[in-house]
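Data first, discussion second: the structure below is written as structure tokens.
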Amino acid sequence: MILPTALIEEAIRWRRQLHRQPELGYQEHQTSGFVAGQLADFGLQVFRGMAGTGVIATLENGPGPAIGLRADMDALPVTEKGTSPWRSQRPGVMHACGHDGHTAILLAAAKRLAQTRQFSGTVHFIFQPAEENLGGARKMVEEGLFRRFPMDNIYAMHNWPGLPLGTLAVNPDAMMASLDSFEITLSGKSCHAAMPESGADPMVVAAELILALQTIPSRRLSPLASAVVSVTQIQGGEAINVIPEQITLRGTVRCLQADVRHRVQGLIEEFVAFLPRPFAVEGRISWYPGYPVTANHPQAAEQVREAAQRLLGNDKVCWQVNPSMASEDFACMLESCPGAYFWLGADGETPSAPLHNAGYDFNDALIPIGVRFWQTLVENVLKR
């Protein structure tokens, strides 16, 4: 499959334009306006406003099933270190995860499919806001994404540093871990640092608890289970010579199985309730549920695999890869509609900087591969 050179050059310009003007989650007003304008120019039906800045465009071409293709649009609160001519022009905000590339690829695929129309059915192009920790996918679902735009399947891609350019990775089950955040409050009794016996020291309990929580994956779960417990923040104390009254710990839990997710939460609650007691300290925990496991549906994953084999060749398709313990809110869409999430390799001759790194930049060589893949998948799934 050969794409017009003009289309690829245009998509690269779009990508770099988006990179120059990144916007944080739910603030993608300029981005969504640009996306909606392009889609309207392609002749698609365009709907705006879902989840605030979301954009959905529909391309109908005869009878048949309906599918959705999703791209994320938001940037991260990161100061870019790159020196490219298209580096971020907004201080403290950059596309450090490649959502500019995902958006440009899906725009170009929409334009291409509107021109070629070698399929029978309906394609919904979904441009989602606020993927980065803000739950834009869940909000779109809650606001009626699949009621207003019924779909038989939905698909999403993500560029993936660590995989060679021209490869695709997909699983028939978990691709990414669940994400939950917690806040633990340890309340003791403040006293002079020279007289610890007159108080109840929550700082010592914090140290004990941080280490104890690490025994959950290593000693309380099967070695075959997958879980990561990370304490990432500790706050408390005002004066160097005063044992504080209260310490706050914050962190995250990530799991690849729903039952493991629930068990880990229960074990953490036990540690928080009982470990502080011998120290005369009280422990309390608050949970902030995040994203579920990004679990592909087997049939949709097989459709991705078949399209990738047709386009890239069998040797370029990675099946049953190790899932990532990072998280992805596309999982919320997969809970409501069958579908699949997959990775496209991003590494050229020089390995890409990691995702969420200040030196990261999307590899534009991935754009024609991504556009061709979306076209191949649509034509495979919606055969005429």
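The values are calculated or read from the model by the stated rules, or taken from the named source; none is laboratory data. Given the structure is predicted, the values throughout are model-derived calculations rather than measurements. All Cβ positions, glycine included, derive from the backbone under ideal geometry; neighbour counts span all protein chains shown. Just the protein is used for accessible areas: all its heavy atoms, side chains included, with ligands, DNA and RNA removed. Shrake-Rupley method; radii C 1.70, N 1.55, O 1.52, S 1.80 Å.
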Checked the stretch 62-102 for anything within 25 Å of Thr116 (Cβ to Cβ) and open to solvent by 10 Å² or more (accessible area, probe 1.4 Å); matches are Gly62, Pro63, Gly64, Pro65, Ala66
Counting only strands (runs of 3 or more DSSP E) entirely within the stretch 268-356, those with at least 3 residues that are open to solvent by less than 20 Å² (accessible area, probe 1.4 Å) and closer than 23 Å to Glu132 by Cβ are 339-347
The condition from (1) within 12 Å of the chain's Cα centre (by Cα); (2) over 18 Å from His95 (Cα atoms) that Ile154 misses is numbered (1)
Checked against (1) surrounded by 24 or more Cβ atoms within 10 Å (Cβ to Cβ); (2) farther than 30 Å from Arg277 by Cα; (3) in contact with a helix residue (DSSP H, G or I) (Cβ under 6 Å, 6 or more places away or on another chain), Leu186 satisfies every condition except (2)
So, first residue closer than 20 Å to Val93 by Cα and touching a residue at least 40 places away in the same chain (Cβ under 8 Å) in the stretch 3-28, second residue part of a helix (DSSP H, G or I) and charged (D, E, K, R), Cβ within less than 7 Å, six or more apart or across chains; the pairs are Arg15/Asp100; Leu18/Asp100; His19/Asp100
Inside the stretch 197-206, the number of residues satisfying the requirement of being closer than 11 Å to Val242 by Cβ, more than 35 Å from the chain's Cα centre (by Cα) and in a helix (DSSP H, G or I) is 0
Scanning the stretch 134-156 for residues that are assigned to a strand (DSSP E or B) and open to solvent by less than 10 Å² (accessible area, probe 1.4 Å) gives Ile154, Tyr155, Ala156
Flagged pairs (Cβ under 7 angstrom, 6 or more apart or on separate chains; first in the stretch 115-133, closer than 18 Å to Gly98 by Cα; second of a type in the set (Lys, Arg) and open to solvent by less than 10 Å² (accessible area, probe 1.4 Å)) are Ile126/Arg70; Gln128/Arg70
Here the qualifying pairs (Cβ atoms under 6 Å; residues six or more apart or on different chains; first in the stretch 177-192 and in contact (Cβ under 8 Å) with a residue 60 or more places away in the chain and in a strand (DSSP E or B); second polar (S, T, N, Q) and open to solvent by 40 Å² or more (accessible area, probe 1.4 Å)) come out as Glu183/Ser286; Ser187/Gln246
